[in-house]
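Engineer: Have a look at this one.
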Amino acid sequence: MTKWSRALSAVPLLATAGLAAWDMTQKKHALLRNFPVIGHGRYLLEKIGPELRQYIITSNDAERPFSRDQRSWIYASSKGENNYFGFGTDDDMEDNVGYPVIKHRTFTATPPPSGSHTADDVVLPGAKVLGGPRGRRKAFRPGSVVNVSAMSFGSLSGPAVEAINQGVRLAGALHNTGEGGLSRHHRQGGDLVLQIGTGYFGCRDERGRFDLGLLKEVVASAPVRAIEVKLSQGAKPGLGGVLPAAKLTPEIAQIRGVPLGHDVVSPSRHAEFSDVDSMLDWIERIADETGLPVGIKSAVGDLGFWDDLVEQMARGDRGVDFVTVDGGEGGTGAAPLVFSDAVALPYFVAFTRVYGRFARAGLTDEVTFIGSGRLGLPKAATMAFALGADLVNVAREAMLSIGCIQSQKCHTDTCPTGVATQNPWLVRGLDPALKSVRLATYLRTLRRDLLKVSEAVGVLHPGLIDPDDIELLEGTRHGVPLREVYGYEPGWGRLGEELTQQICALMAGTAPVGGSAAPSATAD
């Protein structure tokens, strides 16, 4: 053995001895002080624990917020691959309380076609004209019942935002900008919903105050179809948003109108209004100046706000064009654990309480209801439509379709797939041209499955599914229709007769319908 090889072989021993010496003399970690060197193994296992559980230990349905089966369905759908599952369900139907079952009809004029890719390209528009009831100058019928929810540039990388915007263009859907302003990455041809948060990013003056003139300039500069005023979100209801300084680049700072080097914290409340009355005045002003439909997004806690909103809208002179109900299950935003886990009602409880108030006042046909909160899988989305949602927004599911692996590092700027980071090395791995196609394919696949399950129930559109068409099971012992579970009165959850006729006319002749072999001579 040469002198150099002996020296090199001694390096690991010297490094280990040095690490042991440091461990035994430091006082910060008792574990390392008592178990030098080998104690680091514990921290390593703790660090890679989520990955070990995700890929090796947990069952197909054990993980949260999305199980392995759910992620697999989204991944396969986004790639246009076979997303069927064989050998029956592995859901625990025997003991699961609240398990939804959709009740198909044996005889129907609209049986779904059997081909796995039949209806991939069918347009599935919204059943209501957004802004139509209030006569907005730029009212429109959304071209897709599934759209992408609010995720700001800053929380997501530039390429991720570009992939989403290109994807919604390909799929004919809508892309919500999030509260971080409208960036160059949003300008890839996809239609936009511009979100205004409490920080008024992108439409604020040098002192952080809302600037209506600047808002009108932003709206005119891009294909903005509607404006959403964010009151709160499911990830951190009652708190403002936070963009850590580590993720704040000069480009993001310029778009948001904020200084570099500091966390970007949005206030928890709006400065332009302080109650429902002043909020409706402000919304009507924005709608008049821009001509666009204007709505609100909110998580649901105390219901006094909703009672007041419905009471004032019942007068007919002012109102919101749409309501986005965000479930308290959390979302893409980082938040204190107690807010993610325990503040605001989960989606289905939240939505039904809000919808019920509008239904009792006879206003449901005047407002477009949008659901948000882990609704990007066919079963959950079908339930949402049955309970009265007109559109569903997807956020984390959209992230999964463009490469997210649920590493849950969104708030650390270390997202390994470049979706939720500003790190140039990590961002370079995300190709917008490829991922945009995957998002579009996922959106089309979800719409296809929604159409098929609607036809299995006997209707031409998911907005026509009734709350009596789904039951929640208590194991294999008992089932209760959604209407009874959520206290819906007769007629709630259904479109009015005029809206029903309109959407049936739109879908008739375009939705593929299955059939059977030609009848025999002796058939009835």
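The values are calculated or read from the model by the stated rules, or taken from the named source; none is laboratory data. Quick caveat: nothing in here was measured; it's all calculated off a predicted structure. Because the Cβ atoms are built from the backbone with ideal geometry, glycine has one as well, and the counts that use them run over all protein chains shown. Note: areas computed on protein heavy atoms with side chains; ligands, DNA, RNA excluded. Shrake-Rupley method; radii C 1.70, N 1.55, O 1.52, S 1.80 Å.
Engineer: Go through Val323, Val310 for me and flag whichever is assigned to a helix (DSSP H, G or I), in contact with a helix residue (DSSP H, G or I) (Cβ under 8 Å, 6 or more places away or on another chain) and either in contact (Cβ under 8 Å) with a residue 40 or more places away in the chain or buried (at least 22 other Cβ atoms within 10 Å of the Cβ) (or both).
Structural biologist: One residue alone meets the criteria, Val310.
Engineer: Could you tell me which numbered condition Gly131 fails, if it satisfies all but one of (1) under 30 Å from Ile296 (Cβ atoms); (2) at pLDDT below 80?
Structural biologist: (2)
Engineer: Condition first: under 20 Å from Phe153 (Cα atoms) and not small (Gly, Ala, Ser). Can you find one or more residues in the stretch 270-284 that meet it? Explain how you work it out, then say what you get.
Structural biologist: In the first step, residues of the stretch 270-284 are kept if they are under 20 Å from Phe153 (Cα atoms); the result is none.
Among the residues of the stretch 270-284, not one is under 20 Å from Phe153 (Cα atoms) and not small (Gly, Ala, Ser), which makes the answer no.
Engineer: Would the stretch 56-70 turn up any residue that is at pLDDT 75 or above and open to solvent by 60 Å² or more (accessible area, probe 1.4 Å)?
Structural biologist: yes
Engineer: Is it the case, given these coordinates, that Asp449 is open to solvent by less than 40 Å² (accessible area, probe 1.4 Å) and closer than 27 Å to Leu130 by Cβ?
Structural biologist: On the way: open to solvent by less than 40 Å² (accessible area, probe 1.4 Å): yes; closer than 27 Å to Leu130 by Cβ: yes.
The answer is yes for Asp449.
Engineer: Next question. Hey, can you tell me all the residues within the stretch 241-253 that are open to solvent by less than 60 Å² (accessible area, probe 1.4 Å), of a type in the set (A, V, I, L, M, F, W, C) and touching an Asp or Glu at 6+ places or on another chain (Cβ under 6 Å)? So that I can check it myself, show each step before the final result.
Structural biologist: Initially, the stretch 241-253 is screened for residues open to solvent by less than 60 Å² (accessible area, probe 1.4 Å), giving 241, 243-245, 247-249, 251-253.
From what's left, of a type in the set (A, V, I, L, M, F, W, C): 243, 245, 248, 252-253.
Within the stretch 241-253, Ala245 is the sole residue that qualifies.
So that you can scan it fast, the table gives a plain yes or no per residue for (1) within 13 Å of Arg494 (Cα to Cα); (2) in contact with an Asp or Glu (Cβ under 7 Å, 6 or more places away or on another chain); (3) buried (at least 24 other Cβ atoms within 10 Å of the Cβ); (4) hydrophobic (A, V, I, L, M, F, W, C):
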site	(1), (2), (3), (4)
Glu329	no, no, no, no
Phe339	no, no, no, yes
Val343	no, no, no, yes
Pro346	no, yes, no, no
Phe351	no, no, yes, yes
Tyr355	yes, no, yes, no
Asp365	yes, no, no, no
Gly376	no, yes, yes, no
Ala389	yes, no, yes, yes
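Engineer: Moving on to the next point. List the helices (runs of 4 or more DSSP H) that sit entirely inside the stretch 388-504 and contain at least 2 residues that are among the hydrophobic types (A, V, I, L, M, F, W, C) and in contact with a Ser or Thr (Cβ under 8 Å, 6 or more places away or on another chain).
Structural biologist: Because the criterion is at least 2 residues that are among the hydrophobic types (A, V, I, L, M, F, W, C) and in contact with a Ser or Thr (Cβ under 8 Å, 6 or more places away or on another chain), the helices (runs of 4 or more DSSP H) in the stretch 388-504 that meet it are 396-401, 424-427, 432-457.
Engineer: Here's a follow-up. Out of the residues in the stretch 269-299 that are part of a loop (DSSP other than H, G, I, E, B) and in contact (Cβ under 8 Å) with a residue 60 or more places away in the chain, which is surrounded by the most Cβ atoms within 10 Å (Cβ to Cβ)? Spell out the reasoning first.
Structural biologist: In the first step, residues of the stretch 269-299 are kept if they are part of a loop (DSSP other than H, G, I, E, B); the result is 269-275, 291-293, 299.
With in contact (Cβ under 8 Å) with a residue 60 or more places away in the chain added as a condition, the list becomes 269-272, 291-293, 299.
Numbers: Arg269: 12, His270: 20, Ala271: 12, Glu272: 18, Gly291: 14, Leu292: 24, Pro293: 27, Ala299: 29.
My answer is Ala299.
Engineer: Okay, moving on. Is the stretch 254-263 home to any residue that is in contact (Cβ under 8 Å) with a residue 24 or more places away in the chain, under 21 Å from Phe210 (Cβ atoms), open to solvent by 20 Å² or more (accessible area, probe 1.4 Å) and of a type in the set (Gly, Ala, Ser)? First the steps, then the outcome.
Structural biologist: From the stretch 254-263, those in contact (Cβ under 8 Å) with a residue 24 or more places away in the chain are 255-258; that's our starting set.
Subset that is under 21 Å from Phe210 (Cβ atoms): 255-258.
Within this subset, residues satisfying the condition of being open to solvent by 20 Å² or more (accessible area, probe 1.4 Å) are 255, 257-258.
Subsequent filtering for residues that are of a type in the set (Gly, Ala, Ser) retains 257.
Yes, the stretch 254-263 contains at least one residue that is in contact (Cβ under 8 Å) with a residue 24 or more places away in the chain, under 21 Å from Phe210 (Cβ atoms), open to solvent by 20 Å² or more (accessible area, probe 1.4 Å) and of a type in the set (Gly, Ala, Ser).
Engineer: Can you tell me how many residues within the stretch 490-511 are open to solvent by 50 Å² or more (accessible area, probe 1.4 Å) and aliphatic (A, V, I, L, M)?
Structural biologist: Kept after step one, since they are open to solvent by 50 Å² or more (accessible area, probe 1.4 Å), are these residues of the stretch 490-511: 490, 494, 497-498, 501-502, 505-506, 508-510.
Then drop every residue that is not aliphatic (A, V, I, L, M), which leaves 505-506, 508.
Here the count works out to 3.
Engineer: Does any residue of the stretch 349-364 turn out to be under 26 Å from Ser401 (Cβ atoms) and at pLDDT 95 or above?
Structural biologist: First pass over the stretch 349-364, keeping only residues under 26 Å from Ser401 (Cβ atoms): 350-351.
Remaining after also requiring at pLDDT 95 or above: 350-351.
Looking through the stretch 349-364, at least one residue is under 26 Å from Ser401 (Cβ atoms) and at pLDDT 95 or above.
Engineer: A follow-up question, please. Can you tell me which residues in the stretch 121-143 are open to solvent by less than 40 Å² (accessible area, probe 1.4 Å), farther than 16 Å from Gly388 by Cα and not aliphatic (A, V, I, L, M)?
Structural biologist: Across the stretch 121-143, the qualifying residues are Gly131, Gly132, Arg136, Phe140, Pro142, Gly143.
Engineer: Something else: Would you be able to tell me the number of residues in the stretch 135-181 that are over 17 Å from the mean Cα position of the chain (by Cα) and of a type in the set (A, V, I, L, M, F, W, C)?
Structural biologist: Residues that pass the stated criteria total 3.
Engineer: Of the conditions (1) free of Cβ contacts under 8 Å to residues at least 40 places away in the same chain; (2) loosely packed, with under 12 Cβ neighbours inside 10 Å, Gly487 satisfies every one except a single condition; which number is it?
Structural biologist: Going through (1) free of Cβ contacts under 8 Å to residues at least 40 places away in the same chain; (2) loosely packed, with under 12 Cβ neighbours inside 10 Å one by one, Gly487 breaks only (1).
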